[in-house]
1. Quick one: which residue in Pro304, Pro309 is in a loop (DSSP other than H, G, I, E, B), at pLDDT below 90 and buried (at least 16 other Cβ atoms within 10 Å of the Cβ)?
2. If you scan region 112-137, which residues turn out to be modelled with pLDDT under 90 and of a type outside the set (Gly, Ala, Ser)?
3. When you go through (1) crowded, with 16+ Cβ neighbours inside 10 Å; (2) touching a residue at least 24 places away in the same chain (Cβ under 8 Å); (3) more than 32 Å from the chain's Cα centre (by Cα) one by one for Asp159, which number turns out not to apply?
4. List the number of the failed condition for Asn363; all other conditions in (1) modelled with pLDDT of 85 or more; (2) buried (at least 17 other Cβ atoms within 10 Å of the Cβ); (3) out of contact with any Pro (no Cβ under 9 Å at 6 or more places or on another chain) hold.
5. Pick from Thr173, Thr189, Thr142: which is crowded, with 18+ Cβ neighbours inside 10 Å, in the same structural domain as Lys58 (by TED's automatic domain parsing) and β-branched (Val, Ile, Thr)?
6. Collect the residues in region 96-121 that are of a type outside the set (S, T, N, Q), within 27 Å of the chain's Cα centre (by Cα) and surrounded by 17 or more Cβ atoms within 10 Å (Cβ to Cβ), keeping them in residue-number order.
7. Could you look through region 325-357, keep only residues that are part of a loop (DSSP other than H, G, I, E, B) and among the polar types (S, T, N, Q), and pick out the one that is nearest to the chain's Cα centre (by Cα)?
8. Among the residues of region 121-134, are any in a strand (DSSP E or B), free of Cβ contacts under 8 Å to residues at least 60 places away in the same chain and charged (D, E, K, R)?
Amino acid sequence: MKLCKLSIFVLLLNISPNSVAAVGTITEQANNPASIQRSTKTLTGAKGTGVEMEDAIKTSQGKVGITFADDTKVQVNENSKLVIDDFVYDPKKPAAGKLALNMASGTVRYASGAIAHNNPNKVAINTPTATVAVRGTDFTATVDELGASTIILLPSCADKIKSIDALDRNDKTCVTGIIDVITDAGVVTLDKPFQATRVESRSLAPLKPVTLNLSLDAMNGLLIISQPPELKKAQQEANKTTVSLLSQDFLKEADLGSVLAEQQKQIFQSKLAQNFLDQDFLANILTLLNQQMAEDLNVLNNTPKGLLPDYKASTGVKASVDDLSVQLCRNDGSNMQCVTVNKNETSTIYQTQGSVTIKNRVNSGAGTTITLKQN
């Protein structure tokens with residue numbers, strides 16, 4: 001009985017925490033090993049090292065291949081970075097599996113495993129500018145220093161044929177899957193071998209797919225330095241389309257100016273829909289106000305003992321009366337002239353602007369004389 005307990009204890013000691021938490025293993029290494037950033041620790045990512053969720057695998061002068069528990073294979077090429085965001089897999093519950101990877105920089109190649117084959121919707125492959133929806137296939141993603149992404153669909157036999165020129169269309173063992181490249185502005189589908197698209201920003205739609213005539217080695221490393229000519233041409237055509245759309249006179253093409261004018265005419269046929277800020281309407285309102293003001297003042301000046309017996313609104317003088325004072329103002333278009341006197345005062349006011357002189361008496365006007373002049 002004691003021997004049995006001892007054996008179990010020794011077995012538990014031989015199972016390291018790293019192997020329990022590992023979701024995959026570095027199964028290939030060329031030249032320098034990668035570095036693995038795990039929380040606050042930096043580990044050496046040599047062949048045989050386990051990788052865990054939230055690990056960031058970064059290469060410099062070397063590349064590594066990672067095989068996940070569901071047989072998903074990822075190759076992280078030179079000067080590249082891959083982050084494992086999420087991984088869940090149970091062979092007994094294949095539908096419950098999920099995989100999320102972030103191809104942060106450089107070139108990373110992906111080959112689907114059991115999770116993508118069983119439930120493609122549970123696989124999320126992201127770059128800084130795009131999301132790749134996988135339907136069981138191989139592809140590479142290259143992210144440049146500005147975050148732009150170049151996505152290339154690969155046939156399953158890409159390692160053997162090296163380039164599109166060597167592709168045997170009748171080889172049924174060499175299959176090409178389908179991927180969707182998605183941004184906030186649109187989606188493109190890649191379904192032919194060596195078909196590619198480029199994404200500058202998540203706010204822009206991916207470029208129209210083109211077929212590249214490049215070797216696999218060039219796809220793995222040279223795209224960061226030099227964009228393929230096929231993609232350059234597609235980018236130029238996309239730019240021309242954008243410029244053409246921006247320079248298009250949509251009002252002219254659709255004659256929307258005439259349409260809007262006709263709609264406006266129909267609207268104004270209804271008095272209830274009249275624009276009360278219309279200039280003629282305002283002019284009519286001002287005329288009515290002046291007339292009303294003049295009528296109000298006439299109550300004061302229709303008799304010899306009126307407050308402003310000489311006042312006429314047509315002279316351009318504006319009168320303001322309150323409980324204590326009377327103010328007379330005139331604007332000739334260039335100058336403003338105002339005078340204020342006590343309401344109970346008797347005075348005569350002469351307002352001269354240029355060649356025009358306006359006389360107004362306050363009460364009888366027998367007291368003070370006030371003369372204002374503006375040349």
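1. None of the other options fit; the residue is Pro309.
2. Passing the criteria: His117, Asn118, Asn119, Pro120, Asn121, Lys122, Val134, Arg135, Thr137.
3. Result: Asp159 passes all but (1).
4. (3)
5. Answer to the check: Thr142.
6. Of everything in region 96-121, those that are of a type outside the set (S, T, N, Q), within 27 Å of the chain's Cα centre (by Cα) and surrounded by 17 or more Cβ atoms within 10 Å (Cβ to Cβ) turn out to be Leu101, Met103, Ala104, Gly106.
7. Ser334
8. Scanning region 121-134, I find no residue that is in a strand (DSSP E or B), free of Cβ contacts under 8 Å to residues at least 60 places away in the same chain and charged (D, E, K, R), so the answer is no.
The values are calculated or read from the model by the stated rules, or taken from the named source; none is laboratory data. What you see is a predicted model; the values in this text were computed from it and never measured. Virtual Cβ from ideal backbone geometry, glycine too; neighbours counted across all protein chains shown.
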